[in-house]
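To start, the structure under review is shown below, and the notes come after it.
The values are calculated or read from the model by the stated rules, or taken from the named source; none is laboratory data. Being a predicted model, the structure only gives us computed values, none of them experimental. Cβ atoms come from the backbone with ideal geometry, glycine included; neighbour counts cover every protein chain shown.
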């Protein structure tokens, strides 16, 4: 049976490869030129990968950073950053550091792939972009010149969570030879940028002769996707299971592209809200050959094929500032960005130039409501756009962990924007059939007694179910016939049971 092997963590790999070199933390930091200032966004002195940016930066009179505090963590020297990596605290880990470490340790291609995966770079477009830049010996200035953008723009892509325009993504892929990578990495790069991958992957785009073109590459990619997705949202619609009643509601709400209706998704933390958004974002762009057979039938022949989607995660610091948020939206829609990009100019551009049905996917709206810069005027303008923009071609989907009227009241932002959401859907556990389908996607065969145990102890929540399945897979892979995997699985899901009860 081909099952998932337990992958070593980044800290474990770093320790393993450094053990032969015997570098101290100071020596290792010096070898790859780690800088304390380098992990901070210069404009707002924030760490790009710390949720809610709960950090404190202390500087001396010469604006030299002397200390960074995040919770109980204190960073004063580059060696402190290395120590964080050994302990798998990777919010300070940048793509260029991963590239330098691979070169320093002289890793093989296979080792490099494992090291890159463990680093988490493949979960962030900015980190992955920087990694490929350093692999090809590109700095911000060189890439900016090749792509035709400002140097500052490249910095925003890497550190601020701002996504490039689709044409810029395609140009980056060309410049950095992304299309010469294996298919899986090409798809990954494009999807992280929110852009449809080239349709010719596996064929002429990567230089494979037409005579040898077949579906084996796609079949292999689809099989690779049938592994538990742990701790992160899905990255491909193939990984999405269930929610049929909710998807039918989306179909009804969007059936008339000139009168798009607005939907609020309510669900506890880790209940699958972001995965649902990513599914909606990519499903119409995904070739049917990359989907499971039953996924073709969900929409009954109708898909939002002409739609365009913009995903906004309000947990990114840049999305809490009106100008960077509005600029990001226009960039993703390939529309001109006015200067200044304020609400008035932004609204005019959308109203005059938006021609395709467009859905704004607002993830973690609660974080957006906490931003003092996104005030009631901002949200009222969003309501006006939702009601009148481009003759009804603009729709909104928001996610929240509790009812929106409670969030708006708690943040003193009871804007009429939140009255336009005629559909409120609540994420519940998967049905027994849906959860069983998810289990069966990971195993060639599994005894009924194991399936029943997985269903019962996960409560049908996808996040918990995949953790438990991962423990079962590891036991099978190591030929462990005991029930230790059950104990391990229960320990792994314990921190999440407050939000996702299984009883």
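Of the residues contained in segment 332-340, one or more are found to be in contact with a strand residue (DSSP E or B) (Cβ under 9 Å, 6 or more places away or on another chain), in a loop (DSSP other than H, G, I, E, B) and either within 21 Å of residue 194 (Cβ to Cβ) or outside the structural domain of residue 392 (by TED's automatic domain parsing) (or both). Applying the set (1) at pLDDT below 80; (2) within 30 Å of residue 324 (Cα to Cα); (3) surrounded by fewer than 16 Cβ atoms within 10 Å (Cβ to Cβ) to residue 188 leaves exactly one unmet item: (3). Take segment 476-496 and flag every residue that is free of Cβ contacts under 8 Å to residues at least 12 places away in the same chain and either surrounded by 14 or more Cβ atoms within 10 Å (Cβ to Cβ) or in a helix (DSSP H, G or I) (or both). Listed by number, the residues that qualify are 484, 487, 491, 494, 495. Residue count for segment 87-110 under the criterion of being at pLDDT 85 or above and farther than 23 Å from residue 316 by Cβ: the result is 10.
Under the condition of being more than 17 Å from residue 295 (Cβ to Cβ) and in contact with a helix residue (DSSP H, G or I) (Cβ under 8 Å, 6 or more places away or on another chain), the residues counted in segment 232-255 number 2. Checked against (1) in contact (Cβ under 8 Å) with a residue 40 or more places away in the chain; (2) more than 15 Å from residue 360 (Cβ to Cβ); (3) in contact with a strand residue (DSSP E or B) (Cβ under 9 Å, 6 or more places away or on another chain), residue 284 meets all criteria but (1). In segment 81-92, the qualifying residues are those that are in a helix (DSSP H, G or I) and touching a residue at least 60 places away in the same chain (Cβ under 8 Å), and the one that is nearest to residue 35 (Cα to Cα) is 85.
Give me a count of the residues in segment 93-137 that are over 13 Å from residue 11 (Cβ atoms) and part of a loop (DSSP other than H, G, I, E, B). Qualifying residue count, segment 93-137: 7.
In the set (1) modelled with pLDDT of 85 or more; (2) under 18 Å from the mean Cα position of the chain (by Cα); (3) not in a loop (DSSP other than H, G, I, E, B), residue 241 fails one condition alone, (3).
Please tell me if residue 437 is within 26 Å of residue 275 (Cα to Cα), in contact (Cβ under 8 Å) with a residue 60 or more places away in the chain, outside the structural domain of residue 243 (by TED's automatic domain parsing) and under 23 Å from the mean Cα position of the chain (by Cα). For residue 437, the condition - within 26 Å of residue 275 (Cα to Cα), in contact (Cβ under 8 Å) with a residue 60 or more places away in the chain, outside the structural domain of residue 243 (by TED's automatic domain parsing) and under 23 Å from the mean Cα position of the chain (by Cα) - is not met. Exactly one of these conditions fails for residue 289: (1) more than 20 Å from residue 424 (Cα to Cα); (2) surrounded by 21 or more Cβ atoms within 10 Å (Cβ to Cβ); (3) in contact (Cβ under 8 Å) with a residue 40 or more places away in the chain. Give me its number. Among (1) more than 20 Å from residue 424 (Cα to Cα); (2) surrounded by 21 or more Cβ atoms within 10 Å (Cβ to Cβ); (3) in contact (Cβ under 8 Å) with a residue 40 or more places away in the chain, the lone unmet condition for residue 289 is (2). In segment 256-271 there is no residue that is in a helix (DSSP H, G or I), in the same structural domain as residue 355 (by TED's automatic domain parsing) and either crowded, with 16+ Cβ neighbours inside 10 Å or out of contact with any helix residue (DSSP H, G or I) (no Cβ under 7 Å at 6 or more places or on another chain) (or both).
Residue pairs whose Cβ atoms lie under 7 Å apart, sitting 6 or more positions apart in sequence or on different chains, and linking a residue in segment 445-468 that is more than 16 Å from residue 503 (Cα to Cα) and in the same structural domain as residue 268 (by TED's automatic domain parsing) to a partner that is buried (at least 24 other Cβ atoms within 10 Å of the Cβ) and at pLDDT below 95, do not occur here.
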